[in-house]
1. For the range 105-112, state whether one or more residues are over 28 Å from residue 172 (Cβ atoms), in contact (Cβ under 8 Å) with a residue 40 or more places away in the chain and surrounded by 12 or more Cβ atoms within 10 Å (Cβ to Cβ).
2. From the list 160, 169, which one is surrounded by 16 or more Cβ atoms within 10 Å (Cβ to Cβ), part of a loop (DSSP other than H, G, I, E, B) and not assigned by TED's automatic domain parsing to the domain that holds residue 95?
3. So in the range 71-91, with the set limited to residues that are within 16 Å of residue 47 (Cα to Cα) and in contact (Cβ under 8 Å) with a residue 40 or more places away in the chain, which one is surrounded by the most Cβ atoms within 10 Å (Cβ to Cβ)?
4. Assess whether residue 9 counts as being assigned to a helix (DSSP H, G or I) and either outside the structural domain of residue 181 (by TED's automatic domain parsing) or at pLDDT below 90 (or both).
5. For the range 80-98, which positions are farther than 15 Å from residue 48 by Cβ and either under 17 Å from the mean Cα position of the chain (by Cα) or assigned to a helix (DSSP H, G or I) (or both)?
6. Residue under question is residue 22, and the condition is that it be under 17 Å from the mean Cα position of the chain (by Cα), surrounded by fewer than 17 Cβ atoms within 10 Å (Cβ to Cβ), modelled with pLDDT under 80 and in a loop (DSSP other than H, G, I, E, B); does it hold?
7. Check the range 140-148 and report whether any residue there is within 19 Å of the chain's Cα centre (by Cα) and touching a residue at least 40 places away in the same chain (Cβ under 8 Å).
8. Given (1) closer than 23 Å to residue 66 by Cβ; (2) at pLDDT 80 or above, identify the lone condition not met by residue 194.
């Protein structure tokens, strides 16, 4: 049985050395509400130090998600910095419909998607996007086979429609719950689950007989 917000990881995910996504349905970016809320209130009152203290808490996770989308470390750094600067300049538009950290993620993800669309013809570094672990077998033939299978899966994931691909990357590789993804993307939980369902079906068809 899987808790709400957690979807069983498909078999192909094991080839990346990734664990099954944990149930994060109660693990939001503001894991320490009192401290987070206090910083948020100060930031909204114009305290720049409080805003950047919040940013520092979430910057690493924002970077990780953005990196999966743009596939380039330097560009991911640029996107995160741009997102934080934009968020700070537009702080008065924050409506508190979700946590401030979720709002930061949303800005970063949207900027990353725009960058990715502009450079979609460029080859992505699959080891960067998917975070391949260096656990190749000692046997050269087996190692080559593992690399080939990972490459096959990478190409299949990258071929998914953008909306499905982003949900797959955030859920299976960044370990966000469906609830978190819904908040970050500004869509319903049902829509997230639907996109993951269709993505898994599409991947199963694409990878049939290849693994």
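1. No, the range 105-112 has no match at all.
2. 160
3. 91
4. Criteria not met by residue 9.
5. Listed by number, the residues that qualify are 80, 81, 82, 83, 93.
6. For residue 22, the condition - under 17 Å from the mean Cα position of the chain (by Cα), surrounded by fewer than 17 Cβ atoms within 10 Å (Cβ to Cβ), modelled with pLDDT under 80 and in a loop (DSSP other than H, G, I, E, B) - is met.
7. Within the range 140-148 (the criterion being within 19 Å of the chain's Cα centre (by Cα) and touching a residue at least 40 places away in the same chain (Cβ under 8 Å)), the answer is no, since none of the residues qualifies.
8. Here residue 194 meets the rest and fails (1).
The values are calculated or read from the model by the stated rules, or taken from the named source; none is laboratory data. Fair warning: this is a prediction, and the values are worked out from it, not measured in the lab. Methodologically, a virtual Cβ is constructed for each residue, glycine included, from the backbone with ideal geometry; neighbour enumeration extends over all protein chains shown.
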